[in-house]
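Note sheet for the following structure.
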Amino acid sequence: MKNIAFIINPISGNKEAQSAKRKLPKLIMQTLDTTQWLPNIVYTEYAGHATELAYQFTRMGFDAVVAIGGDGTVNEVARGLKDSNTALGIIPMGSGNGFARHLSIPMRPQKAIELINHSEPISVDYGLANGKLFMCTCGTGFDAVVADQFAASNKRGFMTYVQNTIKQVFTYQPQSYHIVGDGLDVTHKAFLITFANANQWGNDAKIAPKASIQDGQMDIMLMSSHALLASASLALRLFTGSIDDSYFMDTIRAKEVTLIREEKAPFHIDGDPVEMEKDIQIKIVSDGLKVLVEKRF
């Protein structure tokens, strides 16, 4: 019998997701194979609580801890599990669910629980930006400004994100950035820069279509300062997995770099805005986390 904990963030996602979470304990007990897994269900009570709980479960020797929520909840749980033998599971119930989508975890809670019944742990990479963990992406520029606005919004969900994007798109001023490390010395005036461990921001918006969480590198995506000239085309490419083929995008791959900015500006980690220094060291930690994925027969 394997021990598994479910950490539920009751306030992540929209109202529909929050309502669905109230039914989750019953759904877990009905769907989970309890001949295989011995479940423990807990709720977060404040920011950072999921990290504390996850770390406690690693100390108790749990086999897996499941994050129930969005990418922010996944990030918090992963912080408590990194560099341990306890695997991360995900029941995606947030706004974007980027890491779950990258792993092909079903968006329906029952299907995600069923996957756990026939899952296996694999080792994946995680990233650090000045010591702060990211699983999907981190970055600065336009997307960080939108993330900042989205976090301040009263409403959640994809449409709120779109509305904030439209509001900012014609007023944002691109900045110049300097990237050094791993043999790189690049200066680029960019609309945005994304450092991608996984392939997307969330909602299948694949900013780094070829990014792998098992290659020991990040895909650094630089969007040209002239990107507004092709905004419609770029939006289409973002959701069809071909944005890296655009004339307005450059891709660099590296394990560790330093981003030097002209001034402090909004920065996001897995879609959540964070306070960050002007210069940021960003690196990938290879095989630093175990995650549950569908078993390959």
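FYI, it's all coordinate maths here, none of it is from the lab. Please read all numbers here as calculations on a predicted model, not as lab measurements. Positions of Cβ are generated from backbone atoms using ideal geometry, with glycine treated the same way; all protein chains shown enter the neighbour counts.
With +1 on each Lys and Arg Cβ and -1 on each Asp and Glu Cβ, and nothing else charged, work out how big the dipole of region 1-139 is about its Cα centre, in Debye to the nearest 20. Mind showing how you got there, number by number?
Numbers: 13 positive and 11 negative charges, 74 e Å.
Approximately 360 debye in magnitude.
Placing +1 on the Cβ of every Lys and Arg and -1 on the Cβ of every Asp and Glu, with no other charges, gives the chain a dipole of roughly 920 debye about its Cα centre.
Hand me the trypsin sites (Lys or Arg not before Pro) from region 244-283 located in a DSSP loop with no more than 13 other Cβ atoms within 10 Å, in residue order please.
Values: sites: R253, K255, R261, K264, K278, K283; in loops: K255, K264, K278.
In loop regions of region 244-283 (DSSP not H, G, I, E or B), the sparsely surrounded trypsin sites (Lys or Arg not before Pro) are K264, K278.
A simple packing score, the average count of other Cβ atoms within 10 Å per residue, orders the peptides 285-292, 173-180 as 285-292, 173-180, with the highest score first. The chymotrypsin sites (Phe, Trp or Tyr not before Pro) of region 240-274 that meet both conditions, a loop assignment by DSSP and at most 14 other Cβ atoms within 10 Å of the site Cβ, are Y247. Phi-derived couplings, Karplus 6.51 cos²θ - 1.76 cosθ + 1.60 at θ = phi - 60°, listed residue by residue for region 24-38: 5, x, 5, 5, 4, 5, 6, 9, 5, 6, 7, 7, 10, 10, 9 Hz, with x used for Gly and Pro. Fewest-first ordering of I122, I28, I90 by other beta carbons within 10 Å of each residue's beta carbon gives I122, I28, I90.
Per residue of the chain, what 222 nm ellipticity follows from adding -39500 (n - 2.57) for every DSSP H run with n ≥ 4, rounded to the nearest 500?
Details: 9 runs with 84 residues, N = 297.
One gets -8000 deg cm²/dmol as the mean residue ellipticity at 222 nm.
Separation of the alpha carbons by more than 23 angstrom is noted, of K23/K111; K111/K295; K15/K290; K21/K290, for K15/K290; K21/K290.
Counting only other residues whose beta carbon sits under 12 Å from that of K255, what net charge do I get with K and R as +1, D and E as -1?
That sum, taken over residues with Cβ under 12 Å, equals -3.
For region 2-117, a/c is less than 1.5, where a ≥ b ≥ c are the root eigenvalues of the C-alpha gyration tensor. That puts it in the rounded class.
Peptides 59-65, 19-25, 197-203 ordered by packing proxy, namely the average of other Cβ atoms within 10 Å per residue, highest first: 197-203, 59-65, 19-25. Each of T194, T35 was scored by other Cβ atoms within 10 Å of its Cβ. Listed from fewest to most, they are T35, T194.
Residues whose amide H lies under 5 Å from that of A265, counting only those 5 or more places away or on a different chain, are absent; hydrogens are built 1.01 Å from N in the peptide plane.
Sort M107, M223 by Cβ crowding within 10 Å, fewest neighbours at the top.
Working: M107 12, M223 24.
Least crowded to most crowded, the residues run M107, M223.
Considering only GluC sites (Glu not before Pro) in DSSP loops that have at most 14 other Cβ atoms within 10 Å, the longest stretch of the chain without any of them is 46-261.
Residue-wise HN-Hα couplings along region 279-287, as the Karplus relation 6.51 cos²θ - 1.76 cosθ + 1.60 with θ = phi - 60° gives them from phi, are 9, 10, 8, 10, 8, 9, 9, 6, 6 Hz; Gly and Pro carry x.
Relative to the longest principal axis of the Cα atoms of the chain, helix 49-59 runs at roughly 60 degrees.
Using packing as a proxy for protection, rank 181-188, 4-11 so that the peptide with the highest average count of other Cβ atoms within 10 Å comes first.
Numbers: 181-188: 13.0, 4-11: 21.9.
So the peptides 181-188, 4-11, ranked by packing, come out 4-11, 181-188.
Rounded, prolate or oblate: which fits region 181-297 when a ≥ b ≥ c are the square roots of the eigenvalues of the alpha-carbon gyration tensor, with rounded for a/c under 1.5 and prolate only if a/b beats b/c?
Numbers: a/c = 1.68, a/b = 1.13, b/c = 1.48.
Judged from the Cα gyration tensor, region 181-297 comes out oblate (a/c at least 1.5, b/c at or above a/b).
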